[in-house]
Each structure stands twice: as C-alpha cells, then as structure tokens.
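The values are calculated or read from the model by the stated rules, or taken from the named source; none is laboratory data. In this text, all values refer to a predicted model and were calculated from it rather than measured experimentally. Glycine gets a Cβ as well: all are built from the backbone with ideal geometry, and neighbour counts include every protein chain shown.
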Amino acid sequence: MPAASHREDADLTTAKRTTTSSVASTTKSTTTRSKSTPKKTKGAEATTQLDSQLLDFYREMLFIRRFEERCARSYTQALIGGYCHLNLGEEAAVVGLMSALEPTDYLFTNYREHGYAIARNIDPKAIMAELYGRVDGVSKGWGGSMHLFDLDHRLLGGYGIVGGQLPLATGAALAIDYHRQSEVVMCTMGDGTTNIGAFHESLNIAQLWKLPIVYVIINNFLGMGTTVERSSAEPHLYKRAAAYQMPSAVVDGTDAVAVLEAARVAVASARSGQPYLLEVTCHRLRGHSVVDPAKYRSAQEVEELTHFDPIQLLADQLISRQLSDAASLEALNTAVLARIEEIAAFAEASAHPDVSTLFDYTYASPVVNDSRRLPGQALFDETGAAR
Amino acid sequence: MTLMSYRQAIHDTLRSEMLRDENVMLLGEEIGVFEGSYKITAGLLAEFGDKRVRDTPIAEEGFTGVAIGAAMLGLRPVVEIMTINFSLIAIDQIVNHAAKIYGMFGGQAKVPLVIRTPGGGGQQLGATHSQNIELYYAFVPGLKVVAPSTPADAKALMLAAIRDDDPVLFLENLALYNTKGEVPAHDEPAVIGKAKITREGSHLTLIGYSRMAYVAKKIADQLADSEHLDIEVIDLCSLRPLDRETIVNSVKKTHAAVMLEDDWLTYGIGAEIAATISDGAFDYLDAPVRRVAMAEVPMPYAKSLESAAMPSEHDVIQAIYQTLDAIGHRRSKTSPHD
Ligand SMILES: Cc1ncc(C[n+]2csc(CCOP(=O)(O)OP(=O)(O)O)c2C)c(N)n1
Ligand SMILES: [Mg+2]
C-alpha cells in the first residue's frame with residue numbers, strides 16, 4: 001500500500017461510496033467465504049476489489065479511531081462539554097453498516113454516533129465543530145455530541161434518550177412506505193436498549209405494517225456498566241425478533257466485511273418490505289463515556305480487549321495478506337493525525353453562537369406571543385409589552 | 001353558519017383537511033374499525049382507507065413516536081390519544097422528541113404533528129381516567145397547546161393545528177363533545193397563541209380554557225341577567241404560547257380576576273395566570289387573584305365525592321362574589337346564590 005498522502009486522506013469519505021458500489025458484485029460472488037480470512041481463489045478481479053475494500057475500510061476505521069481519540073483529548077481540555085460517548089472498538093461495525101446503505105437511505109442512531117456521522121460522509125469539521133458547540137457545527141451548536149443531525153446526508157439524529165430513536169425511525173419508514181418510495185431506514189441502538197418498551201413497540205409496529213426498516217443492535221455487551229447477562233433475560237438479543245416474526249441475524253462486529261455482508265441482506269429485506277433485526281457484536285474498548293474509568297471491568301477483561309480491537313485485527317490481516325506493511329500503515333496514521341489536527345483547529349476557530357440567536361429555534365413557524373424573555377427579565381417591559 | 005356539536009366540528013375538520021392535503025393522515029387506537037372511543041373519526045376509515053386512517057396497537061409511546069418520525073419526513077399526522085391520561089405513556093416522545101427535534105438539531109427538521117386528546121372528569125371514571133394534565137405539555141417550550149371551548153373554535157384551531165409546522169397538542173374535553181354552537185362554513189384557521197374575549201365587561205375578569213371557558217361564559221351571561229353584573233370573560237384558547245397581554249389588559253380595565261380551571265390548583269395553569277397578572281397589572285388590582293380549581297385528591301369514583309372534588313357553578317359564583325366583595329362592588333342583596 002502506498003503511503004497515503006495528505007490529500008488522499010482528505011478524500012477518504014468520497015472514495016468510500018465508489019468503492020462500496022463497485023464491490024457489490026464481489027460480495028455476491030463470494031458469499032461462501034469465511035468471515036475474517038477471505039480466500040484468494042475466487043478470481044483475480046474479485047480479489048482486487050476485496051483488497052481495495054479492506055484498505056478503504058482500514059483508512060476509514062483509522063480515521064474514526066483517531067477522531068474519537070482526539071475527542072477524548074478535547075473533552076479533557078474542556079473544549080467539548082456535556083457527555084461524550086465514543087465508538088472506540090466499534091469502528092468495523094460502523095463502516096460495515098454504513099457501506100450497506102445508499103446515500104438516499106436514512107439513518108437514526110443514538111448518542112454514540114460520531115463514527116456514523118463520519119461514515120455518512122458528513123464533513124468531519126462540521127462534526128467536530130458541533131462537539132465544540134460552535135456555529136459551524138452540523139446543528140449550529142444546538143445538539144452537541146449526542147445529537148448530530150444532517151438532513152443532506154440523511155442522518156436524522158443522534159438521540160440521547162435510550163430507545164427514543166426507535167419509534168421515530170419506525171415513523172420515518174412509515175412515511176417512506178406512505179409515499180411509495182424505495183429508501184430504507186436503518187436504526188441503530190445498543191444492547192441495553194433492547195429492554196426498553198420503545199424497542200418492543202417499534203418492532204411490533206414495523207412488522208405489522210411491513211415497514212422498510214433495519215433495526216441494528218450494537219451489542220458491546222454493556223449498558224453503562226451493566227452486562228447483557230445482568231439485564232436481558234434472553235441474552236441472545238437477535239432472538240428477540242422471533243417474538244415479532246421478524247427475520248434476524250447476528251454477526252461479528254469486529255469484521256467490517258462480515259458486517260457489510262450481513263447488513264446488505266438486512267437492507268435488501270427491508271427494501272422489499274420485510275423489516276429486519278441485525279445484532280452486531282463488538283467490544284467497547286474504553287469507558288461508557290470519556291469520563292468513565294470503567295472500574296467494573298477486571299484487569300483480565302481489559303487485557304483481553306486487545307484481541308477484539310478491530311483496527312488491530314484488520315491491520316494484521318492487511319499485513320499477512322501482503323496488502324500493506326507496517327511502514328505504510330504508520331505513514332497513513334501520520335497523515336490521519338495531521339488531518340485530525342486541522343479538524344480540531346477548525347472547530348476551535350469557529351465562532352460561539354451569538355446570544356441573539358437564542359430564541360430562533362424553539363418553533364419552526366412564526367409564533368404569536370412566544371416568550372423571548374431572558375432569565376432575569378421581568379415578564380413585561382416598560383411599555384407593558386409581554387416578553 | 002351551521003349549528004353543530006363540538007364532536008361534529010372536529011370530525012368535519014379532520015375530514016376536510018384530509019381531502020385538502022394527501023399528507024394529512026390519522027393514527028391511533030381504535031380510530032378506524034371501532035370509529036374512535038368518542039366517535040370523532042366515525043366514517044373516516046371507510047372514506048379514506050387504512051393507509052390514511054391507521055388503527056395502531058395499544059402502544060402510546062410507539063405510535064406517538066411513529067407519528068413524530070413520519071412528520072419529520074413530511075407527513076402531517078393527527079394522532080388520537082384516547083384520553084390525556086394515557087398520554088403519560090407517550091410523554092417521552094412528546095416532550096423529549098417532538099418538542100426538541102426542531103431546536104436540538106438547529107432547525108433542520110420540522111415536526112408538523114397534531115396530538116388530539118380529551119381531558120375530562122365528572123364521569124365517574126375514577127383516579128386514573130379523570131385527570132387534566134395539559135399543564136405537563138403547556139410547560140414545554142417547543143410544544144404548542146390549544147384548548148378550544150366551542151365548536152367554532154374547535155374547527156378554527158384544528159385547521160391551524162394541522163397546518164402548523166410545529167407539534168401541537170389539541171386538548172378536547174369529554175364534557176364538551178355534545179355541546180352545540182354555530183360553526184362558519186368557510187375555513188379560517190385561528191391564530192395559535194391568541195386568547196379570545198368572549199364577553200366584554202368591566203366589573204371583573206373571568207378566565208378559563210376548555211370546559212371552564214364554556215362555564216365562565218355561561219355564568220357571566222347568567223349573572224348579567226340575574227344580577228346586572230358586567231363580567232369580562234377570557235377564553236385562553238392557547239395555553240402555550242400564552243396571550244399574556246390580553247389577560248393583563250383586561251385586568252387593567254376590571255381591576256380583578258377569577259381564574260377557572262379543571263386541573264389541580266397547586267402549580268396549575270391558574271398559578272401562571274395569577275403570576276402574569278401580578279407582574280403586569282399589580283398596581284391595578286383591587287383584590288387578590290382568585291383561582292377555582294380541582295380539589296387536590298386522586299379523583300374518587302363515588303358521585304358524592306367526585307362532585308365535591310370538581311369545581312361547580314356554585315363554587316365559581318361564590319368566588320366571583322367574594323372577589324367583588326373584596327373590591328367593595330355593590331350587588332343585589334337578593335341574590336339567590338348567597
Ligand atoms: C431512557 C434513558 N435511561 C437512561 C439513560 C442513561 N444512559 C445513557 S446510555 C445508557 C446505557 C445504554 O446502553 P446500550 O443501549 O447498550 O448502549 P451503549 O451505551 O452501550 O452504546 C444509559 C443507561 C438514558 N440516556 N436514557
Ligand atoms: Mg451497550
């Protein structure tokens with residue numbers, strides 16, 4: 001693999017789309033291959049496409065990894081406020097899932113969503129600026145880390161209430177069905193989210209009405225600090241779909257190619273009007289959010305996590321398949337880090353929203369007698385007009 | 001103008017809006033085959049089909065959220081929540097999602113949604129089925145809450161709510177469904193956020209919304225006849241936004257106010273009205289603002305207790321007289337109500 005130039009890396013996300021669509025036939029012709037070590041016996045063309053896809057996945061996953069690490073740093077520097085949940089350890093799941101979607105498909109997700117926004121091709125500068133609470137953020141600084149949203153890229157949130165996005169995503173699928181359009185909705189959630197009522201109400205409604213939606217459980221085996229075993233009476237989460245006669249599957253989320261293939265099946269099902277539940281297993285490499293030291297994990301457990309690091313696994317694969325070497329990967333890393341620095345600098349230079357805009361986003365339509373009163377002000381001004 | 005019931009006015013408006021705009025659709029429990037618990041949606045499934053009139057499972061959180069998500073993608077759903085009591089199951093979707101989506105994402109997505117739901121009391125439905133908790137929603141920036149008291153206002157506010165690009169909670173009332181009034185034939189949406197002076201007067205301002213606006217008007221008319229009292233009546237029509245100026249301007253004229261409400265008094269809607277008057281008309285007040293509200297108990301089933309818990313016309317008249325006494329207003333000593 002050639003050392004990635006700065007510019008190549010800047011084009012990372014644009015390159016992905018092309019690769020994704022060009023590889024579609026490859027995946028079909030190699031559906032029987034084993035998950036993590038694709039054989040080179042399926043013909044040269046298919047191999048080349050797979051090779052280039054692995055490299056693309058690696059670039060994108062590494063970008064997400066470095067972006068998230070930078071977020072952690074900016075958070076401890078108090079440049080990012082609130083809560084900050086990272087996709088560390090989930091990068092393969094993120095890129096595999098997002099590669100299965102068309103640009104016109106919709107994504108609803110939760111608060112652990114920076115990687116998804118990146119993989120949806122949203123400008124990482126606008127993502128970082130949102131985390132910094134600045135005007136150039138995707139939501140102009142109104143949402144923060146948990147509430148990324150970009151209509152153009154069909155990321156319809158970023159939701160901080162566990163399970164909140166499920167009914168909404170189901171409703172978006174209803175609107176698509178109502179207008180007889182061909183898009184699908186993907187709705188991701190964590191393992192802990194399968195225990196909230198909204199999960200069950202949504203799956204039931206989607207199956208009853210045959211809505212074009214894929215529900216994805218990112219099973220990182222932990223709620224905040226509560227394991228699946230301690231919270232879920234049926235710990236094989238994909239099996240919960242059986243209660244709604246919905247097809248489902250589970251896939252190894254440390255393997256981006258396997259995730260992509262499984263997601264393609266799920267998305268095709270949804271597009272044909274049969275909703276689908278996909279469980280993707282992976283491991284959260286750090287705490288629940290940046291501030292969580294994760295003391296509930298044993299030293300041995302933490303030690304074992306290194307075996308589940310999808311980036312390390314993919315790097316090993318690239319080297320063993322001679323698609324790259326240590327020096328090239330290091331060069332890529334250096335380029336990514338430089339790009340991340342630029343992004344962080346952009347975010348820091350972006351302006352804080354002006355206080356005069358405080359009342360601009362409460363309602364979408366003009367409102368008579370809306371309250372525009374700042375905390376210390378009296379209800380009525382000197383002229384007797386209400387604030 | 002046509003004389004029709006409050007129920008009929010809502011039904012007819014839903015129907016005409018569905019004819020006008022393909023994207024208007026209805027969702028809720030038992031609204032289709034069963035034609036609605038209170039028959040507001042009677043006949044609409046037969047006329048529009050099950051794509052536009054969707055019976056949902058008993059899943060208030062689920063179907064309310066579904067309507068919000070559908071609204072984000074351009075539909076204009078009108079959700080029926082059977083009674084406002086059951087909206088508590090959906091409150092996360094209403095408060096944490098419908099009310100937040102426009103602002104939280106910096107204005108990128110609108111939620112043109114109407115949630116219709118009746119409040120009530122007085123029907124011996126007991127503690128869980130007799131609450132008036134519109135306050136929970138009126139408290140929340142990002143939501144609009146309207147509460148018509150007449151068939152004409154029900155039509156005008158429903159037109160406005162459906163055509164509005166924000167989530168609107170449309171408060172109905174079990175006791176009003178069969179009340180009748182003249183309804184204009186033409187479609188003229190109300191302005192959400194405006195109160196209405198339904199009777200002009202100078203002796204005192206009587207304020208209410210939903211059923212209590214109806215009661216206020218009725219009592220003011222009655223006291224005008226029997227006591228020659230000249231009471232001004234304000235129907236709030238909208239709880240959020242709140243038309244504070246109409247309230248305060250009226251009190252500046254009358255120098256006294258009595259607030260009528262079917263919710264609990266402590267922290268209730270009337271508390272906000274009293275605070276508004278205190279802020280905006282302090283120097284004009286000749287008597288404390290008086291509130292007539294529900295007794296602070298879980299609503300009992302037994303008729304004797306239920307009646308005692310709810311504001312009666314007698315309670316309202318007493319509050320009016322006591323307020324007039326406090327400001328030294330002379331009235332007929334022969335009042336039958338004393
Ligand atoms: C309704 C609700 N309850 C509790 C919380 C606090 N909370 C935030 S994340 C979380 C754990 C969720 O676990 P999971 O669904 O597995 O997602 P993960 O964080 O592992 O990605 C909890 C309890 C919340 N945000 N919303
Ligand atoms: Mg989890």
Residues that are within 17 Å of B:Phe170 (Cα to Cα) and within 20 Å of the chain's Cα centre (by Cα): find the strands (runs of 3 or more DSSP E) completely inside the stretch B:10-120 holding 3 or more of those.
-> B:76-80, B:114-119
Going by the conditions given, is A:Ala233 within 14 Å of chain B (Cβ to nearest Cβ) and either on the phi < 0 side of the Ramachandran plot or more than 15 Å from ligand 2 (Cβ to nearest atom) (or both)?
-> no
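Pull up the stretch B:100-111, narrow it to residues that are more than 16 Å from ligand 1 (Cβ to nearest atom) and buried (at least 24 other Cβ atoms within 10 Å of the Cβ), then point me to the one that is nearest to B:Arg15 (Cα to Cα). Let's see the steps before the verdict.
The first filter runs over the stretch B:100-111 and keeps only residues more than 16 Å from ligand 1 (Cβ to nearest atom), leaving B:101-103, B:105-111.
Cutting the leftovers down to buried (at least 24 other Cβ atoms within 10 Å of the Cβ) gives us B:101-102, B:105, B:111.
Numbers: B:Ile101: 28, B:Tyr102: 28, B:Phe105: 33, B:Val111: 21 Å.
This residue is B:Val111.
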Working only within the stretch A:82-117, note down all residues that are in contact with a Lys or Arg (Cβ under 7 Å, 6 or more places away or on another chain), of a type in the set (A, V, I, L, M) and within 18 Å of A:Leu277 (Cα to Cα).
-> A:Met98, A:Ala100, A:Leu107
Given (1) facing chain B (nearest Cβ under 8 Å); (2) assigned to a helix (DSSP H, G or I); (3) within 12 Å of ligand 1 (Cβ to nearest atom), number of the condition A:Glu201 does not satisfy = (3)
Given A:Gly192, A:Gly157, A:Gly137, A:Gly143, which one is within 16 Å of ligand 1 (Cβ to nearest atom) and assigned to a loop (DSSP other than H, G, I, E, B)?
-> A:Gly143
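Being outside any strand (DSSP E or B), in contact with a strand residue (DSSP E or B) (Cβ under 8 Å, 6 or more places away or on another chain) and more than 16 Å from ligand 1 (Cβ to nearest atom) is the filter here, so list the residues in the stretch A:212-243 that pass it. Even if it seems obvious, please write down each step before you answer.
Residues of the stretch A:212-243 outside any strand (DSSP E or B): A:212, A:220-221, A:223-226, A:228-243.
Now drop any that are not in contact with a strand residue (DSSP E or B) (Cβ under 8 Å, 6 or more places away or on another chain), which leaves A:212, A:220-221, A:223, A:228, A:236-242.
Hits for the stretch A:212-243 are A:Pro212, A:Lys239, A:Ala241, A:Ala242.
Per-residue answers, yes or no, for (1) surrounded by 24 or more Cβ atoms within 10 Å (Cβ to Cβ); (2) in contact with a strand residue (DSSP E or B) (Cβ under 9 Å, 6 or more places away or on another chain); (3) closer than 23 Å to A:Ala172 by Cα:
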position: A:Thr104; (1), (2), (3): no, no, yes
position: A:Tyr111; (1), (2), (3): yes, yes, yes
position: A:Gly115; (1), (2), (3): yes, no, yes
position: A:Ile118; (1), (2), (3): yes, no, yes
position: A:Ala126; (1), (2), (3): no, yes, no
position: A:Leu131; (1), (2), (3): yes, no, no
position: A:Val138; (1), (2), (3): yes, yes, yes
position: A:Trp142; (1), (2), (3): no, no, yes
position: A:Ser145; (1), (2), (3): yes, yes, yes
Condition check for A:Thr188: within 13 Å of ligand 2 (Cβ to nearest atom), closer than 19 Å to A:Gly273 by Cα, surrounded by 24 or more Cβ atoms within 10 Å (Cβ to Cβ) and not charged (D, E, K, R) = yes
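Which one of these is surrounded by 11 or more Cβ atoms within 10 Å (Cβ to Cβ), more than 21 Å from B:Ser250 (Cβ to Cβ), away from chain B (no Cβ under 11 Å) and out of contact with any Leu (no Cβ under 7 Å at 6 or more places or on another chain): A:Ser350, A:Ser356, A:Ser365? Reasoning before the result, please.
Values: A:Ser356 fails: surrounded by 11 or more Cβ atoms within 10 Å (Cβ to Cβ); A:Ser365 fails: away from chain B (no Cβ under 11 Å).
Of the residues listed, the single one that is surrounded by 11 or more Cβ atoms within 10 Å (Cβ to Cβ), more than 21 Å from B:Ser250 (Cβ to Cβ), away from chain B (no Cβ under 11 Å) and out of contact with any Leu (no Cβ under 7 Å at 6 or more places or on another chain) is A:Ser350.
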Residue satisfying all of: in the stretch A:370-385; touching a Lys or Arg at 6+ places or on another chain (Cβ under 7 Å) and among the polar types (S, T, N, Q); nearest to the other protein chains (Cβ to nearest Cβ) among these = A:Ser371
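Would you pick out the residues in the stretch B:175-213 that are within 22 Å of B:Val248 (Cβ to Cβ) and within 14 Å of another protein chain (Cβ to nearest Cβ)? Steps first, answer last, please.
Step one: list which residues in the stretch B:175-213 are within 22 Å of B:Val248 (Cβ to Cβ), which gives B:190-210, B:212-213.
Hits for the stretch B:175-213 are B:Ala190, B:Val191, B:Ile192, B:Gly193, B:Lys194, B:Ala195, B:Lys196.
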Only one residue in B:Asp283, B:Asp243, B:Asp235 is charged (D, E, K, R), surrounded by 15 or more Cβ atoms within 10 Å (Cβ to Cβ) and farther than 19 Å from B:Leu174 by Cβ, so which one is that?
-> B:Asp243
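Test A:Asn87 against the criterion of being under 18 Å from A:Leu260 (Cβ atoms), more than 14 Å from chain B (Cβ to nearest Cβ), within 16 Å of ligand 1 (Cβ to nearest atom) and at pLDDT 95 or above, and give yes or no. Spell out the reasoning first.
Numbers: under 18 Å from A:Leu260 (Cβ atoms): yes; more than 14 Å from chain B (Cβ to nearest Cβ): yes; within 16 Å of ligand 1 (Cβ to nearest atom): yes; at pLDDT 95 or above: yes.
So A:Asn87 fits the description; yes.
I want to confirm something. Restricting to the stretch A:204-224 and keeping residues that are more than 14 Å from chain B (Cβ to nearest Cβ) and more than 10 Å from ligand 2 (Cβ to nearest atom), which single residue is farthest from A:Val95 (Cα to Cα)?
Taking the stretch A:204-224 first, the residues more than 14 Å from chain B (Cβ to nearest Cβ) are A:214, A:216-224.
Remaining after also requiring more than 10 Å from ligand 2 (Cβ to nearest atom): A:214, A:216.
On the way: A:Val214: 16, A:Val216: 13 Å.
My answer is A:Val214.
I'd like to verify a number: residues in the stretch A:178-197 that are more than 20 Å from the chain's Cα centre (by Cα), at negative phi and free of Cβ contacts under 8 Å to residues at least 60 places away in the same chain, how many?
The total comes to 6.
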